1. Which count do you get for residues in segment 103-132 that are open to solvent by less than 30 Å² (accessible area, probe 1.4 Å) and basic (Lys, Arg)?
2. Mind checking whether some residue in segment 341-355 is at pLDDT 95 or above, aromatic (Phe, Trp, Tyr) and either out of contact with any strand residue (DSSP E or B) (no Cβ under 7 Å at 6 or more places or on another chain) or over 22 Å from SER454 (Cα atoms) (or both)?
3. Report yes if ALA16 is modelled with pLDDT of 90 or more, over 19 Å from GLY512 (Cβ atoms) and either aliphatic (A, V, I, L, M) or crowded, with 24+ Cβ neighbours inside 10 Å (or both), otherwise no.
4. Is it the case that GLY46 is in a loop (DSSP other than H, G, I, E, B), open to solvent by less than 30 Å² (accessible area, probe 1.4 Å) and either under 30 Å from TYR250 (Cα atoms) or not charged (D, E, K, R) (or both)?
5. Looking at (1) within 18 Å of ALA236 (Cα to Cα); (2) open to solvent by less than 30 Å² (accessible area, probe 1.4 Å), which one does ILE329 not meet, given that it meets all the others?
6. For segment 480-509, how many residues are modelled with pLDDT of 95 or more and hydroxyl-bearing (Ser, Thr, Tyr)?
7. Search segment 118-140 for residues that are within 20 Å of HIS59 (Cβ to Cβ) and pair each with any residue that is modelled with pLDDT of 90 or more and assigned to a strand (DSSP E or B) when their beta-carbon atoms are under 7 Å apart and the residues are at least 6 apart or on different chains.
8. Within segment 448-474, how many residues turn out to be within 19 Å of GLN416 (Cα to Cα) and either among the aliphatic types (A, V, I, L, M) or part of a helix (DSSP H, G or I) (or both)?
Amino acid sequence: MNLRAWTCALLLAVGAPLQAQSAAATSSQTPVRGGAAIIAVQADPGHLNPAISTGSHVHAVADSMYNALVELDRDLRPQPDLATSWAVSEGGTVYTFKLAPNVKWHDGTAVTSADVKFTFDEVLLKHHARTKAGIGSVLASIETPAPDVVVFKLRKPYGALLQLLNVTEAAILPKHIYQGTDPLTNPANVKPVGTGPFKFDSYRTDQQIVMVRNPTYFKPGLPYLDRLVFRIIPDANAQTVALLAGEADYLGLVNATDVERLRARPELTMAQTAFGTGGGNCISTLGFNLERKPLADLRVRQAIALAIDREQILRDVQFGLGKVPQAPISSGLTWATAPGTLAKYSTPNPKLATELLDAAGLPPASDGVRLTLEMLHFPTFNRIGEVVRLNLAKIGVKVVQKPLDRAAFIEAVFAQRAFDLNIISYCNGADPDAGVRRMYVSNNIGKVPFSNASAYRNPEVDKLFAMAAEADNYDARGRQYAALQKIVADDLPYFWLVETVVTTAWNSRSQGWKPWSGQLAERAWIKP
């Protein structure tokens, strides 16, 4: 379908009043106001500013305090949020958004179009990897002709724009608090002032974050809950125990080993989706530092890829929940992926891997070790890392695993580039221009978290991403993505290990959760 026609058709749906557009509660029962819900999260987010990070740990918590121009429904179609309506003109290069009336920041200050412009110009396009790589490449300017009107002017048509304007990709920040400061260190990052359904109450590092109901929320009657408590429980088994004991109401990421056990519990409700609060269509990916020898040698990267048993990762780590990638773009983006692109790596081939290392001039030492590599990752990837370590040992590559917390990982990988290998869950998102482009384009190498970690440079890939963004129909875009996937599969700046799914679980006494959305609890309520 022509993307411009699809956008225009969508405008017919957004002309109605905002409250009429909100999704119905997920239960047919009448929601009850009041009460508190406890959400178990795996790691301390470190800060609560969703506009400077793509990290799932940040968005799983912080998004509940913010809004964006649009939100995505369960089918990932844009719906009104801060913007009640929008219009597209001048051949798809001008988007005009009308803001909801009487929206207030949590400190009582009125929200205006100036906040939107400031957030994009000074924060998102500098510090949010997906937004910077996607929208930043096509945005000419943002204009604010009135306090309740925002105009995006693009250099060329960009069919993915609306998909990239939700709270996970483009949360709006208060200009009056962030202007003139470093958005990476502003004190509001740990004591946020947002517009969202819940307001900040307290933050105890490595323990919990507490939010309270926003009584002046601009969506009538919402939220239902009085309090949200995010309990930080790093151990997956402890999270499951907390859910079963009634010490947590919602678990956003069920450990793969616990899925069947929880599914058998009648007091729980479970959902499985490609999307969670930090993004979706995610692929756990092995990254190579292309600026280091011998990883700059393609033969070495090919040898590593050929030695890794991805089916073993799927079976032993993910317990069958997910897929072995057949292409660099997630299979969830059916129109953009190119199945078969990774066919040469479908079956491990240690013999060929060894021959490639020989050809690269890496003979084994007396102890059989040809090469020692340090591999950085979050602790959540310990088990995937262990499979990779054992697989590579078979071809004489010694891997030293180095689990790091989020802050240390970002500093080492993106700021210092002090790594050989890394494991990152790169979420492809609702459109490749959001979650895929950032990994490959040469202008996205730098200190921005979860950007082009491998420092990969290929002018043809840059060009194909630009052409795909400009095309106005899925067929044309799909052809560009297919072409660039063949190139990156040959260049191998990364190796795509496993596509993951998100399994969530909650106590059935609570209802109305939106597992696919950053605004997870906007409509949640608890049965009396």
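The values are calculated or read from the model by the stated rules, or taken from the named source; none is laboratory data. This is a predicted model, so every value here is computed, not measured. Cβ coordinates were reconstructed from backbone atoms using ideal geometry, including for glycine residues, and neighbour counts include every protein chain displayed. Side chains are part of the model used for accessible areas, which takes the heavy atoms of the whole protein and leaves out ligands, DNA and RNA. Shrake-Rupley method; radii C 1.70, N 1.55, O 1.52, S 1.80 Å.
1. 1
2. Step one: list which residues in segment 341-355 are at pLDDT 95 or above, which gives 341-355.
If we keep only those that are aromatic (Phe, Trp, Tyr) as well, we get 345.
With either out of contact with any strand residue (DSSP E or B) (no Cβ under 7 Å at 6 or more places or on another chain) or over 22 Å from SER454 (Cα atoms) (or both) added as a condition, the list becomes 345.
For segment 341-355, residues at pLDDT 95 or above, aromatic (Phe, Trp, Tyr) and either out of contact with any strand residue (DSSP E or B) (no Cβ under 7 Å at 6 or more places or on another chain) or over 22 Å from SER454 (Cα atoms) (or both): present.
3. Values: modelled with pLDDT of 90 or more: no; over 19 Å from GLY512 (Cβ atoms): yes; either aliphatic (A, V, I, L, M) or crowded, with 24+ Cβ neighbours inside 10 Å (or both): yes.
The answer is no for ALA16.
4. Values: in a loop (DSSP other than H, G, I, E, B): yes; open to solvent by less than 30 Å² (accessible area, probe 1.4 Å): no; either under 30 Å from TYR250 (Cα atoms) or not charged (D, E, K, R) (or both): yes.
The answer is no for GLY46.
5. Among (1) within 18 Å of ALA236 (Cα to Cα); (2) open to solvent by less than 30 Å² (accessible area, probe 1.4 Å), the lone unmet condition for ILE329 is (1).
6. 2
7. Once the first residue is within 20 Å of HIS59 (Cβ to Cβ) and sits in segment 118-140, its partners that are modelled with pLDDT of 90 or more and assigned to a strand (DSSP E or B) give PHE120/ILE142.
8. Applying the first criterion (within 19 Å of GLN416 (Cα to Cα)) to segment 448-474 yields 448-457.
With either among the aliphatic types (A, V, I, L, M) or part of a helix (DSSP H, G or I) (or both) added as a condition, the list becomes 448, 453, 455.
Counting residues in segment 448-474 that are within 19 Å of GLN416 (Cα to Cα) and either among the aliphatic types (A, V, I, L, M) or part of a helix (DSSP H, G or I) (or both) gives 3.
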